[in-house]
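One structure is given below, encoded as structure tokens.
The values are calculated or read from the model by the stated rules, or taken from the named source; none is laboratory data. Everything numeric in this text was worked out from a predicted model, so none of it was measured. FYI the Cβ positions are ideal-geometry reconstructions off the backbone, even for glycines, and counts take in every protein chain you see.
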Amino acid sequence: MKTTKKMYGVIGLVFMLVTGLMGCKREHMTLTTTSDVNITGYLDQYPEQFSLFSEIIKKSGSAGFLGAYGSYTIFAPTNDAVKSWLKDLNKTSVADIDANALKDLIKFHLISDTISTAKFTDGKLPLTEYGQFLLTGASNTGGITKYTVNRQSNILQANIRTGNGIIHVLDHVLIPASKTVAQLIADNSRYSIFTQALRATGLYDTLNTVNNVDTTRRFVTAIAQSDSALRVAGFTTYEQLRAKLSTKNNPKDHADSLWLFVAYHVLPGANYMADLVSAESFPTIAPNEVIVTKKTGQDVILNEVTFNDVTEAGVPLIRNFSDVSGRNGVLNDASKYFKIKVRNPEAVYYDLGDQPELRAQTSFFRQLGKAIDINTSGNKSLCAGITFQNPSATTTSNYVVDGSLTGTTFYTAYNDYLAIQLGQVASRHTWVQFKTPMLVKGKYKVWLCYRAQSSKAPNLQATMNAGTANEQTLPNIASMISYLDASGVSLSDPNSDNLMLAQGYKRYSYEQPNGTKNNAGRLLGVADITTTGYQTIRLTCVNGTYGAVSWLDMIHFIPIDQDQKSCRFKKTSTDAKICGY
């Protein structure tokens, strides 16, 4: 018989007390343990609930391993659920079902890992033994959390722990997807124009392949465009779409804009909506093109980006038509027409102190004389766009605003800067990494703009996209004790700007007079950005234990064919950029 151990009784009591205080209870979600029986043994103990599912397990030949040592999660439908399933198949008993079909059914209800509801998200679980994903969802009504699986079944009882895994009890049998992603699109009249485009480009076959030998394409995601979304954009027929987009009159040509349009709507991997907000961008099968994603409230938004200080409206996914599982991936639905946006590289002047979390600190952000610790308690960064290397660092890094708009000590842009503790000692960070604004693919000269120290400050070297396939270490070293005259150029020379530029230095401060040298721009090297999107730049200390703080102001990314010194920045908190030099 099932027993509940005292330890679990105590845990359950604590759990109920805590959730009671929170005003939220979970229905049938308490952990249950058993007296050393495995999955099959537990199901056999409760024939009034599971006799039919036990019969399926035995006829499918699965009883051996489900009764032996292992780590499994099985979703077990009740007898009523199995009876309903048999009725849908016009069968009267489990004996009427082929053993191989039953084996596939067990595989679809089985994961080779122990997954409790604590690990559930509104997204996919690890791959089932059948080779398709299960999608879970959670809803809270009246303080009670209920879970669904594949939008087909509710979990009646969860987290039953046995000797070899966990059982979740279902009120319906789970049915695997029978169509490929291509078939899901083609069989839905909602996507008639997009279906024709898929066939014309040859990408229908990409979305129709099951068990692809290329493991990177085993699963695919399509973000389909409905006829109504295309109609709003001016396309009422496929012919109109082709006439507008097919630049080479050959949609199968990978250089044809129609092929690129469709390819931009296909992503490697099975990316449900929850997956799409787990990262900031996702590659498409269009070469070097990504889709940028974010979550706003309950909406998943594609390609909402800020470029040249202008935020471009994104494209929400339609939840009711998204997260549709196929045999080889998932179908999502975009609410509006979208395509690759052709952009030319533009200069990006990144003020390191301009972070969303700092802007939210209105009593500190660009307020005279204010400072705030950005390496907060628990040694985590206050800002999502700033990553510190050393979780054990005991020194403090700060966002700082100078106390005067007319002071001559710090000529920093917008009158603020970051004071970062960098050094090759345990109390400091060996590196600090920043997420950049969006950069269009192209080649950029990268400039670090800083306020120099008098002595004992580190030398820094930059790495773009560290730890990725696109990692690139820039060659030049920026010494935090190098003033403008480290270029060897006389600052009073009328031609000093051009002469400094040739030596890899530049003046970036608007107020800083010709004779002063505190703030400097140092060329770090040329970055080759291969994919449009957000990048990272890591500044690493490459020398010793120097103790002075690094005063970091800006990073400039300027296309190599554009003027590198035309813009300077004032101390004022707004409208600081002055160009034309």
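Is at least one residue of the stretch 135-143 of a type outside the set (Ser, Thr, Tyr), closer than 19 Å to residue 226 by Cα, surrounded by fewer than 20 Cβ atoms within 10 Å (Cβ to Cβ) and under 29 Å from the mean Cα position of the chain (by Cα)? No - not one qualifying residue is present in the stretch 135-143.
Taking the conditions exactly as written (under 23 Å from the mean Cα position of the chain (by Cα), modelled with pLDDT of 90 or more and of a type in the set (A, V, I, L, M)), does residue 382 satisfy them or not? Full working, then the answer.
On the way: under 23 Å from the mean Cα position of the chain (by Cα): yes; modelled with pLDDT of 90 or more: no; of a type in the set (A, V, I, L, M): yes.
When the stated conditions are applied, residue 382 does not pass them.
Across the stretch 350-365, the number of residues qualifying as farther than 14 Å from residue 398 by Cβ and touching a residue at least 24 places away in the same chain (Cβ under 8 Å) comes to 4.
Taking the stretch 466-493 as the range and being closer than 13 Å to residue 517 by Cα, assigned to a loop (DSSP other than H, G, I, E, B) and polar (S, T, N, Q) as the test, the residues that pass are 482, 490, 492.
With 84, 71 as the choices, which residue is hydroxyl-bearing (Ser, Thr, Tyr), under 30 Å from residue 217 (Cα atoms) and in contact (Cβ under 8 Å) with a residue 40 or more places away in the chain?
Result of the check over 84, 71: 71.
Each row is one residue, and each column tells you yes or no for (1) touching a Gly at 6+ places or on another chain (Cβ under 8 Å); (2) assigned by TED's automatic domain parsing to the domain that holds residue 51; (3) acidic (Asp, Glu).
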{"position": "100", "(1), (2), (3)": "no, yes, no"}
{"position": "105", "(1), (2), (3)": "no, yes, no"}
{"position": "129", "(1), (2), (3)": "no, yes, yes"}
{"position": "132", "(1), (2), (3)": "no, yes, no"}
{"position": "135", "(1), (2), (3)": "yes, yes, no"}
{"position": "140", "(1), (2), (3)": "no, yes, no"}
{"position": "143", "(1), (2), (3)": "yes, yes, no"}
{"position": "154", "(1), (2), (3)": "no, yes, no"}
{"position": "162", "(1), (2), (3)": "yes, yes, no"}
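With respect to (1) in contact with a Lys or Arg (Cβ under 7 Å, 6 or more places away or on another chain); (2) basic (Lys, Arg); (3) under 16 Å from residue 286 (Cα atoms), the lone exception for residue 179 is condition (3). In summary, helices (runs of 4 or more DSSP H) completely within the stretch 35-148 and bearing 1 or more residues that are β-branched (Val, Ile, Thr) and in contact with a Phe, Trp or Tyr (Cβ under 8 Å, 6 or more places away or on another chain) occur at 39-45, 79-88. Taking first residues from the stretch 494-510 that are in contact (Cβ under 8 Å) with a residue 24 or more places away in the chain and closer than 16 Å to residue 482 by Cβ and partners that are among the hydroxyl-bearing types (Ser, Thr, Tyr) and assigned to a loop (DSSP other than H, G, I, E, B), the Cβ contacts under 6 Å between residues at least 6 apart in sequence or on separate chains come to 509/411.
For residue 20, the test of being part of a helix (DSSP H, G or I), surrounded by fewer than 19 Cβ atoms within 10 Å (Cβ to Cβ) and at pLDDT below 50 is passed.
Considering 93, 139, 112, which residue is farther than 23 Å from residue 218 by Cα, in contact with a strand residue (DSSP E or B) (Cβ under 8 Å, 6 or more places away or on another chain) and not hydrophobic (A, V, I, L, M, F, W, C)? Spell out how you get there, then give the answer.
Working: 93 fails: in contact with a strand residue (DSSP E or B) (Cβ under 8 Å, 6 or more places away or on another chain); 112 fails: farther than 23 Å from residue 218 by Cα.
On inspection, the qualifying residue turns out to be 139.
Within the stretch 217-225, is there a residue that is in the same structural domain as residue 103 (by TED's automatic domain parsing), in a loop (DSSP other than H, G, I, E, B) and crowded, with 21+ Cβ neighbours inside 10 Å?
So in the stretch 217-225, the residues in the same structural domain as residue 103 (by TED's automatic domain parsing) come out as none.
No, every residue in the stretch 217-225 fails to be in the same structural domain as residue 103 (by TED's automatic domain parsing), in a loop (DSSP other than H, G, I, E, B) and crowded, with 21+ Cβ neighbours inside 10 Å.
For the stretch 435-488, the tally of residues that are within 28 Å of residue 280 (Cβ to Cβ) and of a type in the set (A, V, I, L, M) stands at 12. Being modelled with pLDDT under 95, not assigned by TED's automatic domain parsing to the domain that holds residue 435 and not in a strand (DSSP E or B) is not true of residue 228.
With outside the structural domain of residue 324 (by TED's automatic domain parsing), in contact with a helix residue (DSSP H, G or I) (Cβ under 8 Å, 6 or more places away or on another chain) and in contact (Cβ under 8 Å) with a residue 12 or more places away in the chain as the only criterion, which of 92, 121 stands out? Lay out the reasoning, then the answer.
Details: 92 fails: in contact (Cβ under 8 Å) with a residue 12 or more places away in the chain.
Unique residue meeting the criteria: 121.
Just one of (1) farther than 28 Å from residue 263 by Cβ; (2) in contact with a helix residue (DSSP H, G or I) (Cβ under 8 Å, 6 or more places away or on another chain) fails for residue 195. It is (1). Scoring residue 224 on the criteria (1) without any contact (Cβ under 8 Å) to a residue 24 or more places away in the chain; (2) touching a strand residue (DSSP E or B) at 6+ places or on another chain (Cβ under 7 Å) leaves a single failure, condition (1).
Rundown of residues vs (1) in a helix (DSSP H, G or I); (2) touching a residue at least 60 places away in the same chain (Cβ under 8 Å), yes/no style:
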| site | (1), (2) |
| --- | --- |
| 166 | no, yes |
| 177 | no, yes |
| 185 | yes, yes |
| 191 | yes, no |
| 206 | yes, yes |
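Restricting attention to the stretch 373-382, does a residue exist that is touching a helix residue (DSSP H, G or I) at 6+ places or on another chain (Cβ under 6 Å), of a type in the set (Asp, Glu) and either surrounded by fewer than 16 Cβ atoms within 10 Å (Cβ to Cβ) or outside the structural domain of residue 286 (by TED's automatic domain parsing) (or both)? Steps first, please.
So in the stretch 373-382, the residues touching a helix residue (DSSP H, G or I) at 6+ places or on another chain (Cβ under 6 Å) come out as 382.
Applying the additional criterion that residues be of a type in the set (Asp, Glu) yields none.
The answer is no; no qualifying residue exists.
Residue under question is residue 107, and the condition is that it be basic (Lys, Arg), in contact with a helix residue (DSSP H, G or I) (Cβ under 9 Å, 6 or more places away or on another chain) and at negative phi; does it hold? Considered against the rule, which asks whether it is basic (Lys, Arg), in contact with a helix residue (DSSP H, G or I) (Cβ under 9 Å, 6 or more places away or on another chain) and at negative phi, residue 107 comes out as no. Hey, does the stretch 313-331 have a residue that's touching a residue at least 12 places away in the same chain (Cβ under 8 Å), of a type in the set (S, T, N, Q) and farther than 30 Å from residue 211 by Cα? No, the stretch 313-331 contains no residue that is touching a residue at least 12 places away in the same chain (Cβ under 8 Å), of a type in the set (S, T, N, Q) and farther than 30 Å from residue 211 by Cα.
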